[in-house]
1. Is it possible to state the helix-based mean residue ellipticity at 222 nm for chain A, with each DSSP H run of 4+ residues giving -39500 (n - 2.57), the sum divided by total residues, to the nearest 500 deg cm²/dmol? What is it?
2. Based on the Cα coordinates of chain B, what is the per residue volume of their convex hull in Å³?
3. Out of the DSSP beta bridges found with both residues in region A:134-253, what percent are antiparallel (nearest 5)?
4. Given that compact globular proteins tend to follow 2.2 N^0.38 Å, what is the ratio of the alpha-carbon Rg of region B:44-107 to that value?
5. Do any chymotrypsin sites (Phe, Trp or Tyr not before Pro) in region A:186-288 lie in a DSSP loop with no more than 16 other beta carbon atoms within 10 Å, and if so, which?
6. Using the Kirkwood formula over every pair of different C-alpha atoms, what hydrodynamic radius in Å results for region B:222-295?
7. Apply the Kirkwood formula to region A:279-389: the hydrodynamic radius equals the inverse of the mean of 1/r over all pairs of different alpha-carbon atoms; give it in Å with one decimal.
8. Over the Cα atoms of the protein assembly as shown, what is the Rg over Rh ratio if Rh follows Kirkwood?
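What follows draws every value from the coordinates through simple rules; no lab data is involved. Note that the coordinates shown come from a computational prediction; the quantities given were computed from them, not determined experimentally. For neighbour counting, all protein chains shown are included, and Cβ atoms are generated from backbone atoms with ideal geometry for every residue, glycine included.
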Amino acid sequence: MIIYYISLALRSLRSTPILSALMVAAIAVGVGAAMTVLTLNYMMSRNALQHKDNVLYAVQLDSWDPNKANDTANEIPWQLTYQDAQALLRSDIPTRQVAMHRFGFTVEREDSHLRPFVASARVTSRDFFALFDVPFLYGGTWDSAADQAHTQVVVLPKATNDRVFAGENSMGKSITLNGEPFTVVGVIDHWNPAPKVYDLTNSPFADAESLFVPFGLHRQFEIDTWGNDSGWDSGSKSEGYEGFLQSESVWIQYWVELRDGEQKQQYETFLTAYIQGEKAQGRFQRPLKFALSRPSEWLRLNKVLRNDNRVLGWVSLAFLLVCVINGVALLLAKFLRKAPEAGVRRALGASRSALFIQHLIESAAIGVIGGIAGIVVALVGIRTSRHLAMGWIDTVASMDWLMMLAAIGLALFASLLAGFYPAWRISHTNPAIYLKTQ
Amino acid sequence: MFEFKPILSTLWHHKASALLIALQLALTLVIVSNTLLIITDRMEKMARPSGMDIENILTVNFLAIPQDYDMAGAVRADLDMLRALPGVVDATHSHQIPLSGSGSANAFQTQPNQETGGEVANYYRTDPHFIESLGLALVTGRNFTETEMQVLAPNEQRQAPVIIVTRQLADKLFPGEDALGKPLYNGDSPMEIIGIVERHLGAWPEWSKAGNVVFFPALRTTQSMNYLVRTESGERDALFKLLADKLAERDSERVIEVNTLSNHMARSYAVDNMMVKVLSTVGAMLGFIVALGIVGLTSFWINQRTKQIGVRRALGATRTNISRYFLVENSLIAATGIALGAAAALIANQYLVRDYSQPVLTLLPLGICALVILLVSLGAALAPALRAANISPATATRSV
């Protein structure tokens, strides 16, 4: 029976090719626009650390200007000062902890034809890889000594290893960064969380860094940050680079892994005691405040999904709604034009529900075809958005299978919604009227 | 004369279809009025004058490879070479690239050691050639001189005794006064304002305080440096490759990246540009789809009423009467939809303003959008209505 209805539906669609094409086009455009925006919003709202959401915390301390709160969402600076990061690293409460920031080096390889290039780098303490579940291809992280004293070692991501060492196991080999030799101690597999939840202060949809070096290198290379660095206190205790390290500038990102509530409580007690200790030294003059945010909270707090994206989301849904209403009007016109045919079928014994289902199937056929065309529209839409965004959203501008299925589902839902009332109307017409004039 | 009564009674008969059209028009007005508002807001933002000769400026960024690089010497040699190139108007060094989204800011006050207040401003460390290299307009005062240049170690905090500021910052810090010759502070030592430039948007066009800018005559010898090179009109693209080659040839101990200022600007405005393009596409598609729906439904109604139209024509109604009937009918539907839509648009706008900090919808743009939608609706009904007028009175005498 269903097969028969489908063949009736397709025949009916073919009998009014222009009207059918217009309805398919309306659904395709509506679903395509909605899926373009919803896919981007969905990709931007993902949490790459979902599986560790209940053990990871971003740390914020309110070391800011006594006269004025910081202008972040929770009025605590996003980042820490270098001196506070060093102090927190000394705690042995967290299972793992990371102090880090973004930087960059020139990259060369001795005795090779590689053209020198500039690579972004993450200057980080050694727990970074374990804390964020970064998979290693070769080797592993550096010794804890490297985070304290100057040790020229580096961990390369797969892409950098491919570029510099043609993909071979480069463990123990030398690579030249800022003119100085570094030894490769590990190579990580492809790893590119989007959004880049571990550091949202730079563009949240940028690629992960191309080099990872230890946190103990600061003084040797006078490393500053390739990222946000804000200060409020212009006076400094010491001169030169040491003055920068000991200043109230915030530029270090800090994450901890705390396995349960008890450990978290211990850590909170530790932070409270630390701030009180600093207050006694004349620092931290604002009311005592710190925050530990889970990755999901961190993404929300940093407004990774911008207001503009939310506005586009609503606009695209409203647009789809117009397409659905338009579909209702056109289907109503189309079905009512065929009312005489329906009258004859009713008179010949077809039940109301049979007519209802038959017409609903006709709407569903429009939905499926529209949905498939909608995927194409959405793919073009996402590609165009990616082009228009000039690199800002490269890591999130793609459509996965889930979203393709969602597109067909949305089209089917939209067209069934559009077909429901017209199908009901046509199944409730009085056959007698049409039989009279035949 | 407009046959309101028969129109209303027919509409009541087709209330479902009429309501669907009205609803579509209402929703369209809600979407179009609010998106038009966002579009104009973003276009105004992108059209703000930058104060610079955007189209003719090349930017150079380089990172030195050796740790003991002689940055001051390199800058001197590079700039001498660049300024001597044919087609180059002037070149300067700067620790940040305008409109690039990356730069420095600080708070500046009118009193020494003032702890609160003042204005936050974007600041540049550059040299006396920056006015000419960026194409800025010095409205009052003078430029820096070579003797005022300070060469600073990478983390040296020495302050400049003289500065140049934008008029916007001068007006904010010294409202109603002449800022020229007045000191600004960031700590205890005064920095005298020796010149004021008309305008400069600074490093972050997104920033709420974009346009607050201070220039210092200083060179900090860090590992990385930028040059801003202004070329003669139309020479920019020809010099792009040459610049990279000449710089690499002069000194290969560095990684050089050349770009155009217009590219930096386009990247900074990419999100706004995307909003404008996406929203206008959606608006255009909406108009198209709604028009399509109206054409479809009006044609259907006319089809259904062929006989009735024939009878009216036979009874003496003119072609104009028939067309007018359908246009008035359409206007009634559109007016209902627009009235509904206008109210809904204002309500939706309140949410957009409150939750997503978008601009406030006023009656003028709303009225313009309503008028456009009315015209689209009438335009869509026009073709079927004219066709209806062609129905021959003879149809009345035939059965179906």
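1. That calculation yields -15500 deg cm²/dmol at 222 nm.
2. 207 Å³
3. Around 65 percent antiparallel, to the nearest 5.
4. For region B:44-107, the normalised Cα radius of gyration comes out at 1.40.
5. A:Trp191
6. 16.4 Å
7. 19.8 Å
8. Rounded to two decimals, Rg/Rh equals 1.08.
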